[in-house]
1. Kindly list the number of the only condition in (1) part of a helix (DSSP H, G or I); (2) in contact (Cβ under 8 Å) with a residue 24 or more places away in the chain; (3) in contact with a helix residue (DSSP H, G or I) (Cβ under 9 Å, 6 or more places away or on another chain) that fails for residue 69.
2. Specify the residue that is surrounded by the fewest Cβ atoms within 10 Å (Cβ to Cβ); the eligible residues are those in the range 73-93 that are in contact with a helix residue (DSSP H, G or I) (Cβ under 8 Å, 6 or more places away or on another chain) and within 26 Å of residue 17 (Cα to Cα).
3. Which condition breaks for residue 150 when tested against (1) open to solvent by 40 Å² or more (accessible area, probe 1.4 Å); (2) in contact with a His (Cβ under 8 Å, 6 or more places away or on another chain); (3) part of a helix (DSSP H, G or I)?
4. Could you give every pair whose Cβ atoms fall below 7 Å, whose first residue belongs to the range 117-134 and is surrounded by 12 or more Cβ atoms within 10 Å (Cβ to Cβ), and whose second residue is among the β-branched types (Val, Ile, Thr), counting only separations of at least 6 or pairs across chains?
5. Out of (1) open to solvent by less than 30 Å² (accessible area, probe 1.4 Å); (2) at pLDDT below 95, what's the single condition that is false for residue 166?
Amino acid sequence: MTRTDTPAARDERTQLTTFLDYARATALAKCEDVSAENAVKAPLPGSPLMTLSGLINHLRWVEYWWFQVVFLGEEDEGPWTDEDPDREMRIAVDMPLADVLRDYQEQSARYRELVAANDLDTQAKRPIRDGRHPDLRWILLHLIEETARHNGHLDIVRELVDGATGV
């Protein structure tokens with residue numbers, strides 16, 4: 001995945017998708033060359049689920065939720081449960097980081113196609129908490145914000161587990 005925040009064109013779709021891809025690529029870059037042991041360390045005492053693997057798996061499942069469940073209206077088959085709403089972060093520590101990264105990249109490619117095939121004004125089939133149906137534009141903006149915010153968490157966790165900075 002190319003890591004650039006400079007869109008090839010200035011239309012709205014290209015700008016939104018470029019920034020989402022940039023945020024995705026940054027999340028992946030923050031995990032480059034990390035050891036298997038460090039990928040599952042949770043260095044923040046108050047946040048036992050905050051691991052590199054857990055954060056990437058969370059990003060994967062957040063996109064699943066917004067694109068497949070909310071936008072397309074599909075049944076929710078995510079890993080979370082009412083008893084364990086953060087299960088996607090918990091189960092990631094039992095998965096090889098390479099698998100988590102690959103799944104995220106493959107899914108991102110599928111969602112890139114989904115976004116390309118739909119108008120930005122297309123409304124989601126499923127409503128959100130306030131009862132409204134967001135359009136694809138709002139979903140893209142939300143995912144840019146969510147991914148960028150978790151990139152900050154990835155920065156902190158990576159520095160604490162092995163000292164790597166600057167990605």
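1. That leaves (3) as the condition not met.
2. For the range 73-93, the residue satisfying everything is 75.
3. Answer for residue 150: the failing condition is (1).
4. Taking only residues 6 or more apart or on different chains, the pairs are 124/70; 124/139; 126/69; 126/70; 128/70; 134/128.
5. (1)
The values are calculated or read from the model by the stated rules, or taken from the named source; none is laboratory data. Just so it is clear, the model here is predicted, and its values are computed rather than measured. Virtual Cβ from ideal backbone geometry, glycine too; neighbours counted across all protein chains shown. The area values use the complete protein model at the heavy-atom level, side chains included, leaving out ligands, DNA and RNA. Shrake-Rupley method; radii C 1.70, N 1.55, O 1.52, S 1.80 Å.
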